[in-house]
Amino acid sequence: MRHPKHASAEVGDPILPHATCDFLVIGGGVAGLRAAIGASDSGTVIVLNKGFAQASTSEFAQGGIAAALGEEEAELQSHVQDTLEAGCGLCRPAAVKVLVEEGPRRIRELMAWGAQFDKVGGRFALAQEGAHSHRRILRARGDATGVEIIKTLMRESRKRDTIHFYDGHFAVDLATRRIAGVPTCLGVWALDERLGKVRLFLARGVILATGGAGQVYCRTTNPPVATGDGIAMALRAGVDVEDMEFFQFHPTALSLPAAPSFLLSEAMRGEGAILRNADAKPFLKARHPAAELAPRDVVTRAILDEMTRGRSSHVLLDLTHRDAAFIRGRFPQIYATCLRYGIDITREAIPVAPSAHYLMGGVRSDLDGRTRLARLWAVGETACTGVHGANRLASNSLLEGLVFGARAAQQAGRLIPMASPASGVVARPPCFFPHRSEEDYLLVQKELRDVMWDDVGIIRSRVSLQRAQRRWKAWAWVVREPALTRLALETRNLLMTSAAIMAAALRREESIGAHFRADARGGKPTLRHFGFRQTALGRGVPSFSER
Ligand SMILES: Cc1cc2nc3c(=O)[nH]c(=O)nc-3n(C[C@H](O)[C@H](O)[C@H](O)COP(=O)(O)OP(=O)(O)OC[C@H]3O[C@@H](n4cnc5c(N)ncnc54)[C@H](O)[C@@H]3O)c2cc1C
């Protein structure tokens, strides 16, 4: 077994001895695991994961994974076309081509590693979701696709003795240095959550795969780990982020006072579920020719209108006209979860409302996941490869994680090792011991989430965005005092990510895709990407320079 190297410890040192490996992967979701497997062919890999329980967003994925599995030209073209249309002209066509053309190979590879996708009569049971022109979504155990994919990737990772998992290691900041005048990533500082101390991980290649940032909003389908850590780390290291104004709100999440914002997959509408307003009337036909299968942003805003008109906290998602046995078999997780909250979805309609779901923007990366910082790659939801544009096509993100995770690993594997990455050359991150209470941080998080929902949510305007920025200033102390606890660090990352979303949303003075400005100027959208780099922290909202 090939182990990563650990330096020897000095007694009483508040910083733990550094560790060295060939490749460092931050995050163990679909993108990180696929990258780790690929990189393991070229050297030792450490996978850092915050927390101790496997809790990636990937495991929550219900609907499935989209792919033109037959690989016929027309099938591939139609997947490309649907993706471009959903992205409203802001996808990078080259990235979409890579996604669609390499996707089937990555899925067959998963199957070779043991993944089981649902079949009916010996053929794959393909599902349909909004904005897909036909059925092309593979699913596993009804609505447990993410679990099946992660289980498969974990099993495959465990077979490789070059991959080492460091759970309970919270990546705090990228370790960078100029080498021959080029800003270069040398590794990562991470908090050992058990010991409360930081350790420097040095590597010849670092792959950022920390997932999304749904936790910036008070209503989100994302798990607690989705705090935008990778984006915030990249911003602090001077790396560009892009398309941050595009946050997808899923139209249908459970809306009950005591229940979490549990996702009710779009595949339910693909199987015929109807959205009804307070008068029990369907309302989507009047809004879009595709009715229930219209793009997510259209459905989301239509629901919001109905909720406002009916003065209700929800609308109703109704699948009761389908056979009960079919519903239980097709959506076992959703059926069981709703039943736990007292709703039998085979007999009654489900109260639903929109919820923050997916960040299309992120760390700007190229077709191989490369970022602006040498030796740093970004993949999965934390990255912005340009495959989603202004709106993600449903079930394209698991595929993106697999395709770009594999490509990044392949590129990183070609890196020439650095002469001697010495720990002494890397500046220590500023670390303070917390002198604020947990309640202080929890209060900031709550206020931030409410402000983000109200002023930077489904519908924004210059006035609301500027109001949000003013509110932000009251929380700036969190960013200036990076205390060494997971709660403090996550609060800082939520604030940094939110600041970038606000700046990008202000910059785009038009409505397009998931970004809807109530004060939009008319005319054709500009179809430009807005990228930002953090320039200064200052005392107020961080400043960003546009790229
Ligand atoms: C409810 C729900 C349903 C969905 N359904 C679908 C679907 O059907 N099809 C589809 O294609 N997409 C779906 N999506 C979106 C998709 O699941 C995600 O976009 C995708 O799984 C993201 O994968 P990832 O590897 O980028 O990130 P994640 O799976 O979130 O993994 C990120 C990992 O990074 C770790 N991490 C984060 N920060 C740090 C840090 N500072 N230090 C160390 N580790 C860190 C986390 O612990 C986690 O393990 C769904 C999303 C949700 C929320």
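The values are calculated or read from the model by the stated rules, or taken from the named source; none is laboratory data. Note that this is a predicted model, so its numbers are computed, not measured. Neighbour counts are summed over all protein chains in view; Cβ atoms, including those assigned to glycine, are modelled from backbone coordinates with ideal geometry.
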- [ ] Can you give me the ranges of the strands (runs of 3 or more DSSP E) entirely in segment 288-389 with at least 1 residues that are touching a helix residue (DSSP H, G or I) at 6+ places or on another chain (Cβ under 9 Å) and without any contact (Cβ under 8 Å) to a residue 60 or more places away in the chain?
- [x] 315-318
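Please state which one of G196, G187 is surrounded by fewer than 17 Cβ atoms within 10 Å (Cβ to Cβ) and either of a type outside the set (A, V, I, L, M) or on the phi < 0 side of the Ramachandran plot (or both).
The unique qualifying residue is G196.
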Open item on the list: If I ask for residues that are modelled with pLDDT of 95 or more and aromatic (F, W, Y), which ones from segment 302-335 would you list?
Closed with: F326, Y335
TODO: Determine whether A209 is within 13 Å of the ligand (Cβ to nearest atom) and of a type outside the set (D, E).
DONE: yes
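From the list V182, V172, V241, which one is touching a strand residue (DSSP E or B) at 6+ places or on another chain (Cβ under 7 Å), farther than 24 Å from E400 by Cα and buried (at least 21 other Cβ atoms within 10 Å of the Cβ)?
Values: V182 fails: buried (at least 21 other Cβ atoms within 10 Å of the Cβ); V241 fails: farther than 24 Å from E400 by Cα.
After ruling out the rest, the residue left standing is V172.
The rows are residues; the columns are (1) modelled with pLDDT under 95; (2) within 16 Å of the ligand (Cβ to nearest atom).
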{"site": "P17", "(1), (2)": "yes, no"}
{"site": "G28", "(1), (2)": "no, yes"}
{"site": "I37", "(1), (2)": "no, yes"}
{"site": "Q62", "(1), (2)": "yes, yes"}
{"site": "A68", "(1), (2)": "yes, yes"}
{"site": "P104", "(1), (2)": "no, yes"}
{"site": "A112", "(1), (2)": "no, no"}
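Whether any residue in segment 364-385 is in contact with a His (Cβ under 9 Å, 6 or more places away or on another chain) and either among the aliphatic types (A, V, I, L, M) or within 15 Å of the ligand (Cβ to nearest atom) (or both) is what I want to check. So that I can check it myself, show each step before the final result.
At the first step, the residues of segment 364-385 found to be in contact with a His (Cβ under 9 Å, 6 or more places away or on another chain) are 364, 384.
If we keep only those that are either among the aliphatic types (A, V, I, L, M) or within 15 Å of the ligand (Cβ to nearest atom) (or both) as well, we get 384.
Yes, that holds for at least one residue.
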TODO: Check segment 252-274 and report whether any residue there is surrounded by 24 or more Cβ atoms within 10 Å (Cβ to Cβ), in contact with a Gly (Cβ under 6 Å, 6 or more places away or on another chain) and part of a loop (DSSP other than H, G, I, E, B).
DONE: yes
TODO: Determine if segment 299-315 includes at least one residue that is closer than 27 Å to V120 by Cβ and surrounded by 19 or more Cβ atoms within 10 Å (Cβ to Cβ).
DONE: no
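Report, by residue number, each residue of segment 55-81 that is touching a residue at least 60 places away in the same chain (Cβ under 8 Å) and over 16 Å from the mean Cα position of the chain (by Cα). Walk me through how you get there before you give the answer.
Taking segment 55-81 and keeping what is touching a residue at least 60 places away in the same chain (Cβ under 8 Å), we get 55-69, 75.
Hits for segment 55-81 are A66, A67, A68, L69, E75.
Please go through segment 107-156 and pick out each residue that is polar (S, T, N, Q) and either touching a Gly at 6+ places or on another chain (Cβ under 7 Å) or surrounded by 14 or more Cβ atoms within 10 Å (Cβ to Cβ) (or both).
Residues of segment 107-156 polar (S, T, N, Q): 116, 128, 133, 145, 152.
Q128, T145, T152 - these are the residues of segment 107-156 that are polar (S, T, N, Q) and either touching a Gly at 6+ places or on another chain (Cβ under 7 Å) or surrounded by 14 or more Cβ atoms within 10 Å (Cβ to Cβ) (or both).
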Task: Count - residues of segment 123-160 that are within 11 Å of the ligand (Cβ to nearest atom) and modelled with pLDDT under 90 - done: 3
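Here's the yes/no breakdown for (1) under 25 Å from the mean Cα position of the chain (by Cα); (2) closer than 28 Å to A374 by Cβ:
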| residue | (1), (2) |
| --- | --- |
| F117 | yes, no |
| E129 | yes, no |
| S133 | yes, no |
| T152 | yes, no |
| K159 | no, no |
| I163 | yes, yes |
| F170 | yes, yes |
| I179 | no, yes |
| L195 | no, no |
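Filter segment 390-417 for residues that are assigned to a helix (DSSP H, G or I) and within 13 Å of the chain's Cα centre (by Cα); which is surrounded by the most Cβ atoms within 10 Å (Cβ to Cβ)?
Here is the first cut: in segment 390-417, the ones assigned to a helix (DSSP H, G or I) are 397-413.
With within 13 Å of the chain's Cα centre (by Cα) added as a condition, the list becomes 397-401.
Working: S397: 25, L398: 30, L399: 27, E400: 25, G401: 32.
Across segment 390-417, the extreme among qualifying residues is G401.
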Open item on the list: Scan segment 61-69 and tell me whether some residue there is touching a Ser or Thr at 6+ places or on another chain (Cβ under 7 Å) and in a helix (DSSP H, G or I).
Closed with: no
Open item on the list: Suppose we keep only residues that are surrounded by 24 or more Cβ atoms within 10 Å (Cβ to Cβ), more than 7 Å from the ligand (Cβ to nearest atom) and outside any helix (DSSP H, G or I) within segment 39-54. Which one would you say is nearest to the chain's Cα centre (by Cα)?
Closed with: V47
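How many residues does segment 164-215 hold that are part of a strand (DSSP E or B) and not hydroxyl-bearing (S, T, Y)? Reasoning before the result, please.
Keep residues of segment 164-215 that are part of a strand (DSSP E or B), which gives 164-167, 169-179, 182-192, 197-202, 205-208.
From what's left, not hydroxyl-bearing (S, T, Y): 164-165, 167, 169-175, 177-179, 182-183, 185-192, 197-202, 205-208.
Residues meeting the conditions: 33.
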TODO: Hey, could you check segment 422-471 for residues that are modelled with pLDDT under 95 and among the polar types (S, T, N, Q) and say which is nearest to the chain's Cα centre (by Cα)?
DONE: S437
Open item on the list: Taking the conditions exactly as written (of a type in the set (G, A, S), within 18 Å of C218 (Cα to Cα) and either away from the ligand (no atom under 16 Å from the Cβ) or surrounded by fewer than 21 Cβ atoms within 10 Å (Cβ to Cβ) (or both)), does A499 satisfy them or not?
Closed with: yes
